[in-house]
Amino acid sequence: MSTTDQPVEVQATLRHDRVTRTIPCIARLLPCLYNHCYRRACLRVLADRTVELTRQMWLVTEVPWGLVQKVSAVIASEYAWPKGSLFLPGDECSVLFCLWRWTISDALELPCCIMEIEDEFGVELSVETVERLPKMAFVDLCAELMRLVRGDAWRAS
């Protein structure tokens with residue numbers, strides 16, 4: 001096989017339906033066990049990602065890499081994903097924003113994260129965008145931010 005015939009490595013996207021298939025049925029009986037198994041499955045996917053392939057996937061979307069890095073850093077910080085987590089265009093916001101978690105009460109991470117993203121870029125996301133967030137792909141959120149941001153505010157420092 002020549003080098004041009006080698007298969008291109010594909011990185012798995014964080015999609016709720018894919019992740020839930022990996023969770024044992026017994027774990028679905030207890031919210032704390034479900035949350036633990038779900039997070040571990042996500043962390044395994046994130047651990048397999050490479051910067052080079054992730055950048056290539058973002059180049060196709062025409063969303064600036066600097067904007068992606070800033071939004072990713074805010075989400076990773078707020079939701080305790082590993083520092084430097086690489087999020088792909090096809091990752092579902094419902095997974096990245098931990099909307100899959102089973103909890104007893106509402107959490108404040110989502111409004112805090114939205115406010116932090118808005119502060120980072122000096123914009124305000126519309127109510128419609130925030131309401132659509134659970135059904136959006138990460139690329140859609142980044143594209144919306146790119147549309148709202150003026151000038152070079154998205155560029156990496």
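Please say if the chain is rounded, prolate or oblate, where rounded means a/c under 1.5 for a ≥ b ≥ c the square roots of the C-alpha gyration tensor eigenvalues, and otherwise the choice is prolate for a/b larger than b/c and oblate otherwise? Because a/c hits 1.5 or more and a/b fails to exceed b/c, the chain counts as oblate.
A Förster distance of 41 Å, applied to the separation of the beta-carbon atoms of Asp48 and Glu128, puts the FRET efficiency at 0.75. The stretch between Ala12 and Arg147, if pulled fully straight at 0.36 nm per residue, gains 45.9 nm over its current Cα-Cα span. Among Cys142, Cys42, a tally of other beta-carbon atoms within 10 Å of each Cβ gives an order, fewest to most, of Cys42, Cys142. For the stretch 11-148, the relative contact order comes to 29 percent (Cα pairs under 8 Å, sequence separation of at least 6).
Rule-based calculations on the coordinates, nothing more; no lab input. Owing to the predicted nature of the structure, the values given are computational and were not obtained by experimental measurement. Every residue, glycine among them, receives a Cβ derived from its backbone with ideal geometry; neighbour counts consider all protein chains shown.
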